Structures are given as C-alpha cells and as structure tokens.
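> To start, I am sharing the structure in question, which I have written as structure tokens.
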Amino acid sequence: MTPQATSLAEIASCLAGYDPQSLRVDLAQDFIAQMLPRPQQQERLPLRQALGRVLAADIISTLQVPAADNSAMDGYALRASDLQAGQETRLTLAGTSLAGSAPRAELAAGECQRIMTGALMPPGLDTVVPQEFTRLERADQAGQADQGDIVVIPPGLLRAGDNRRLAGEDLALGSLALSAGRVLRPADLGLLASLGQAEVAVWRRLRVAVLSTGDELRAVGEPLPPGCVYDSNRYTMCAMLERLGVEVLDLGLVRDDPAALREAFGRAASLADAVISSGGVSVGEADHTKRVMAELGEVMFWRIAMRPGRPMAVGRIQGEGHTAMLFGLPGNPVAVMVTFYAFVRDALLAMSGASAAPLLMLRAATTRALRKKAGRTEYQRGFVSRAPDGSWQVEIGGNQGSGVLSSMSQANGLVVLSHEQGDVAAGEQVDVLPFDGLI
Ligand code: AMP
Ligand code: MG
C-alpha cells in the first residue's frame with residue numbers, strides 16, 4: 001500500500017457540510033473514499049485460483065472468439081441464395097462437417113452439407129437449417145447414409161445467416177474483454193479460458209486485522225462472570241471479511257489497558273493493510289481506546305448521523321515501516337455490521353483495487369408504517385417476501401435495538417431510509433439491501 005499524501009484535515013476542509021459531531025453517511029463515505037491507498041503489488045494466478053480476485057490490468061482479446069464462422073445448430077449448411085420463395089427447397093447432400101474438423105471444399109449450387117453445432121461453416125455457405133425442420137429423401141437405400149440424399153426444407157422458414165455464429169461475435173480481436181478492477185466471477189474465468197489464458201494478473205489480497213476491545217468481553221469457551229458478555233463481534237467481522245475475499249488476521253480480544261491497546265493496534269498496523277476494531281469509540285467512553293488510536297496516527301472520531309451506528313473512528317495508524325487504514329467501529333453488535341456495510345465494505349474493495357460498483361437494492365412495499373426522523377440515515381432490519389400479487393414486500397419486525405443480534409439474524413435485508421426521509425406510511429416503497437449476494 002502506498003501512503004496517501006493528503007492529510008485527513010485537508011480532506012475535511014474540502015468537504016462542504018463536514019461536521020464530525022453529526023456527519024452525514026454520504027459525506028463520511030466521500031471522506032473515506034478520498035483517503036484510501038490503492039494496491040501496488042500484483043501476482044499471477046492460475047485461473048482456477050482467481051475466483052473473487054481483482055483483475056490488475058485490462059484484458060485485451062488476442063483472439064477472435066469464435067475464431068471462424070460456425071454453426072449454432074445440428075442441421076444442414078446451405079446457401080441462402082438456393083432457397084426457393086413460396087415453395088419447398090430441395091438440396092443435394094454433399095458430405096458432413098463435424099465440430100473440430102477442417103473446413104470442407106466449396107459446394108456446387110443446389111448442394112448442402114450436414115453440419116454439427118460448432119463445426120466450421122463450409123466455404124460459400126452462409127445459413128444453417130436445423131435438422132428437425134427438414135425431411136430427408138434417401139437417394140440410394142443401399143449406399144452411403146448421406147451422399148446424394150435430398151434435404152427438403154419447407155418455405156418461409158429461413159433468412160440468410162440464420163443459425164450461423166460469426167467469427168469474433170463473442171470477442172473481437174483487440175477488443176476489451178475485461179476491465180482492470182473487475183472482481184472475477186465464474187463467467188469471467190470462462191471468458192479468460194476462451195481466450196486461451198491459463199493465468200491472470202490480479203492484485204494481492206488485502207490483509208485485514210480484526211480485534212475487539214472492551215473489559216467486559218470474554219472469549220467464547222471461557223466462563224462468563226457477572227457483567228460480562230461474550231465477544232460476538234469478532235465472529236461477525238471475520239465472517240463479513242471472509243465473504244469479501246480478503247485475508248483475515250484475527251488478533252483477538254484486547255483489554256482496556258493502554259499498554260495492551262498500544263501493543264495490539266501497533267502489531268495490527270504492522271501486519272495488515274487495514275485494521276478493524278470494535279468498541280471503545282463512543283463519546284462517553286471511559287476507556288483508553290480512542291487515546292491510543294490517536295497516539296498511533298491520524299484518526300478522526302465521528303458521530304455519524306445514522307442509526308444504528310453513530311460513533312466511529314477512521315484514520316491511518318502507523319505500524320513498523322508501514323501505515324494501515326483504521327476503522328474503529330462501534331461496539332454494539334448490530335452497529336458493527338451496519339457500519340461495516342455502510343463504510344468498510346466499499347473501502348476495502350477500493351483498497352483491493354476493485355472498481356466501484358453500487359450495491360444492488362430492491363424496492364419493496366413496507367407492510368407497516370415506519371417512524372423515521374429526517375436528518376439521519378436509518379438501517380432497519382427487515383424480512384423481504386413476495387406479496388400475494390407477486391410484488392416484493394418487506395416487514396420490519398423484532399427488536400430493532402442496536403445490540404439485538406437475533407433480529408439481524410432473522411432479517412434477510414436492511415431497509416435503508418435516506419437522510420432526508422421522514423415517516424413512511426404502510427404500503428410505501430422503500431429501498432432494501434438484501435443480505436444474499438451482498439458480499
Ligand atoms: P462500546 O462501543 O464499547 O461502548 O460498546 C457498546 C456495547 O457493545 C456495549 O454493551 C458492549 O458490551 C457491547 N460490545 C462491545 N464490544 C463487543 C463485542 N466484541 N461483542 C459483543 N458485544 C460487544
Ligand atoms: Mg466499551
């Protein structure tokens with residue numbers, strides 16, 4: 001990662017409406033986008049290992065795909081000029097063209113050739129009639145199966161060029177097959193293979209360190225004294241990161257002690273491109289997390305105009321010979337997930353070299369009226385289903401408290417109510433971010 005020259009104070013000074021005490025979600029996203037380092041190191045991977053990785057350079061087609069005109073059907077290749085208007089066409093069969101074999105010699109007028117899907121179009125022939133539309137009149141019951149047979153084609157069935165695939169119709173020579181920044185999907189790997197590429201250049205995987213802070217936290221498997229809670233955030237954070245395709249370094253649980261925090265955040269910054277912590281960034285925090293973060297680098301502490309979420313730290317912290325991005329997320333289990341989706345996901349994708357792509361949202365009718373204060377973005381847990389008429393509907397349900405993970409687990413999407421939006425009436429359409437396919 002290269003350090004970014006612009007200081008955070010400079011970014012803040014250029015953002016109209018920047019208010020760290022009540023920062024709009026879209027401004028916070030803009031801010032973060034401006035401070036991200038871009039990837040520097042590439043590696044070449046065999047295609048089979050490249051799923052979900054980010055393409056480091058444009059892929060220009062070095063071949064025509066397909067390489068030559070060929071048949072899209074099993075049937076008979078013919079000249080469209082031989083087709084009779086308003087009456088049956090009778091063509092004499094002259095040979096067979098199989099997929100993978102060399103093109104056949106030119107045919108005489110009135111002749112056709114049996115052809116299989118993917119076989120090269122014989123020279124001079126431009127159209128294929130699928131075999132199921134034809135009738136065969138055998139010339140010589142005792143002779144060879146095809147030579148000399150008459151293929152009968154009904155009128156009005158074909159136009160010139162039907163069922164013929166053109167050379168280069170999939171990828172033309174020299175065309176842009178895939179753009180740098182693409183997160184490789186199954187179809188992309190197939191496309192690369194169709195160009196004959198065995199390997200592909202991708203950006204190095206981002207390394208992301210995760211830690212939880214808080215004296216009240218206990219690791220799973222340990223006894224739970226009164227007043228303590230199990231550390232669930234590390235499990236949700238690591239799982240979201242794994243889905244994002246980054247390399248996850250789970251650095252465990254850190255006590256609310258300055259030396260321990262300094263050591264843990266310093267180590268995280270040395271090992272990783274980005275550090276994600278939960279807890280300790282609230283305004284009323286009596287702990288040391290914020291102070292240690294500020295000591296280690298340049299860190300902004302925000303109250304974001306959102307619900308759930310609100311407190312968040314964003315900055316750059318110094319490891320050994322290396323600067324890492326810091327995302328200090330709130331401690332509440334649902335706030336952690338929502339702030340991750342709202343800010344961290346896109347930031348890590350950009351740091352991974354991925355081109356920005358908006359999240360796909362559904363529009364669904366809310367089954368009940370929603371209370372919403374204008375002046376903050378709200379993320380409400382919802383369950384999307386099909387209404388009896390087939391349209392999408394979303395039910396906001398359960399306890400929407402920012403610490404209530406069970407309602408997050410039961411939901412299948414987040415209803416996103418924009419900053420300006422006020423109360424919503426039952427039946428109104430709202431935006432929903434579906435969990436499936438999110439990362
Ligand atoms: P904080 O942001 O540190 O004030 O924490 C807010 C709430 O989230 C408190 O109730 C914490 O106990 C809880 N919390 C903080 N970290 C975690 C964690 N890793 N797992 C579960 N709950 C947490
Ligand atoms: Mg705390």
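> Just to confirm a number: summing +1 for Lys and Arg and -1 for Asp and Glu over residues other than Ser278 whose beta-carbon lies under 11 angstrom from that of Ser278, what do you get? Intermediate results must be reported in sequence, preceding the final value.
Values: positive: Arg234; negative: Asp231.
Taking every other residue near Ser278 into account, the sum is 0.
> Charges on Cβ only, +1 for Lys and Arg, -1 for Asp and Glu, centred on the Cα centroid of the stretch 362-434; of Ala374, Leu417, Ser406, which one is farthest towards the dipole's positive end?
Ser406
> Of all DSSP beta bridges in the chain, what percent run antiparallel (nearest 5)?
On the way: 60 of 87 bridges.
Here the share of antiparallel DSSP bridges comes out near 70 percent.
> Going by C-beta contacts inside 10 Å, put Ile304, Ile150, Ile11, Ile32 in order with the fewest on the left. Kindly include the intermediate steps, with their values, before the conclusion.
Values: Ile304 25, Ile150 15, Ile11 18, Ile32 21.
Fewest-to-most ranking of Ile304, Ile150, Ile11, Ile32: Ile150, Ile11, Ile32, Ile304.
> Sticking with this structure for a sec: When DSSP beta bridges are limited to those with both residues in the stretch 87-157, what percentage is antiparallel, rounded to the nearest 5?
Details: 7 of 11 bridges.
Expressed as a percentage, antiparallel bridges in the stretch 87-157 total about 65.
> How big is the charge dipole of the chain about its Cα centre, in debye rounded to the nearest 20, if each Lys and Arg gets +1 on its Cβ and each Asp and Glu gets -1 on its Cβ? Each step should come with its number before you reach the end.
Working: 40 positive and 48 negative charges, 155 e Å.
Computed about the Cα centre, the dipole is about 740 debye.
> Which one of Gly221, Gly181, Gly245 has the biggest mean-square fluctuation once the chain is modelled by GNM with Cα springs under 10 Å?
Gly221
> Right, something else. Quick one: give the max-minus-min coordinate of the C-alpha atoms of the chain along each principal axis, largest first, in Å.
97, 55, 49
> To test your reading of the geometry: what angle, between 0 and 90 degrees and rounded to tens, separates the Cα axis of helix 25-35 from the longest principal axis of the chain?
80 degrees
> Would you mind estimating how fast the stretch 362-434 diffuses translationally, via Stokes-Einstein at 37 °C and 0.692 mPa s with the Kirkwood radius over Cα pairs, in µm²/s?
On the way: Rh = 12.2 Å.
Taking Rh from Cα pairs, D becomes 269 µm²/s.
> Among 161-170, 78-87, how do they line up from the highest to the lowest mean number of other beta-carbon atoms within 10 Å?
Working: 161-170: 16.1, 78-87: 13.9.
With the highest mean Cβ count within 10 Å placed first, the list reads 161-170, 78-87.
> Roughly how tilted is helix 233-244, in degrees to the nearest 10 and between 0 and 90, from the longest Cα axis of the chain?
Orientation of helix 233-244: about 30 degrees from the principal axis.
> Counting only DSSP beta bridges with both residues in the stretch 1-123, what percent are antiparallel, rounded to the nearest 5?
Working: 4 of 8 bridges.
Counting DSSP beta bridges with both partners in the stretch 1-123, the antiparallel share is about 50 percent.
> How high is the FRET efficiency from Leu360 to Gln41, r the C-beta distance, R0 35 Å, rounded to 0.05?
With R0 = 35 Å, the Cβ-Cβ based efficiency is 0.70.
> Angle, helix 258-271 long axis vs. longest principal axis of the chain, Cα atoms, 0 to 90°, nearest 10?
Compared with the principal axis, the helix lies near 20 degrees.
> Connecting C-alpha atoms closer than 10 Å in a GNM of the chain, tell me which of Gly353, Gly309, Gly403 has the biggest fluctuation.
Looking only at Gly353, Gly309, Gly403, the biggest GNM fluctuation is shown by Gly403.
> For the chain, with a Gaussian network of springs between Cα atoms less than 10 Å apart, report the residue from Leu93, Leu51, Leu348 with the top mean-square fluctuation.
It is Leu93.
> As a test of the formula, what do you get for the chain when each DSSP H run with n ≥ 4 contributes -39,500 (n - 2.57) and the sum is divided by the residue count, at 222 nm and rounded to the nearest 500 deg cm²/dmol? Please report the intermediate quantities before stating the final value.
Values: 9 runs with 81 residues, N = 439.
Here the helix-only value at 222 nm equals -5000 deg cm²/dmol.
All of the numbers you see were taken from the coordinates with simple rules; none came from a lab. Computed from a predicted structure; not experimentally measured. Methodologically, a virtual Cβ is constructed for each residue, glycine included, from the backbone with ideal geometry; neighbour enumeration extends over all protein chains shown.
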